[in-house]
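The block underneath contains the structure these notes are about, expressed in structure tokens.
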């Protein structure tokens, strides 16, 4: 069956979409203005711990889905930011001409494009992906959905990710389950994840030591942080792979906002 067409996309009021996208842009602008982005550098020990741990988990997740020949895959990273995941894929053997990304922020798009001239990085919103149906074998998102507070927009972005993913393709997901200290984000648990991608086969792991705890522990004991991260209740993110059915018997159920 063909991927969902534009007519099957969940209805979200244009005004609601614009308002939510403006809110997200404002959140990132405040982060830059207050210097919060300074935490997200490899020279911050807690952030370095998170990156190295996440890379290990991502390798295991890709291997579990049989995605070890990255040079053969066409990949889209939704909300690519400055290109960390695109750069990582290149380091692991992906071909630059097979990699694409999209982000709301012009400065993020510029940073990603600077990684390699053959990368296809677009400026735009994930609720209307500028790619054809069934283009990619792997579609990824890292902490995009927790940044979206509007349920209708979440559903629309999920539908667009489904549309551009090939049958039997894999969606790679990494996001907060909870983030009570930040009013600009809302965690998304396994239940909502499986509702957004109903009928898909998920593999789910609880990962990433809670960032406040990591900032406290990692500078004092890297080993202790590794041990604590093995305790699922202390981890704040879900890492998941979801494989799109190779043949879908009927169109996906779509929720319409009134």
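Considering only 72, 214, 134, give the residue with the highest GNM mean-square fluctuation for the chain, with springs between Cα atoms whenever their separation is below 10 Å. Comparing 72, 214, 134 in a Gaussian network model of the chain, the most mobile one is 72. Report, to the nearest 10°, how far helix 45-64 tilts away from the longest principal axis of the Cα atoms in the chain, using its own Cα long axis and a range of 0 to 90°. That helix lies at roughly 40 degrees to the long axis. The C-alpha atoms of the chain define a longest principal axis, and helix 151-164 lies at about 70 degrees to it. With a/c under 1.5 counting as rounded, go ahead and sort segment 18-158 into rounded, prolate or oblate using the C-alpha gyration tensor (a ≥ b ≥ c being the square roots of the eigenvalues; past the cut-off, prolate if a/b is larger than b/c, else oblate). Because a/c hits 1.5 or more and a/b fails to exceed b/c, segment 18-158 counts as oblate. Cβ-to-Cβ counts within 10 Å put 98, 237, 116 in ascending order as 116, 98, 237, the fewest first. Taking the fewest neighbouring Cβ atoms within 10 Å as the starting point, the ordered list for 161, 60 is 60, 161.
Let me know the shape class of the chain, please: from the alpha-carbon gyration tensor, a ≥ b ≥ c as square roots of the eigenvalues, rounded when a/c is under 1.5, otherwise prolate if a/b is greater than b/c, or oblate. Judged from the Cα gyration tensor, the chain comes out rounded (a/c under 1.5).
Neighbour counting of Cβ atoms within 10 Å sorts the residues 145, 176, 131, fewest neighbours leading, into 131, 176, 145.
Between residue 65 and residue 33, the C-beta separation translates, for a Förster distance of 45 Å, into a calculated FRET efficiency of about 0.70.
All of the numbers you see were taken from the coordinates with simple rules; none came from a lab. Note that the coordinates shown come from a computational prediction; the quantities given were computed from them, not determined experimentally. Note that we place each Cβ from the backbone using ideal geometry, even for glycine, and neighbour counts take in every protein chain shown.
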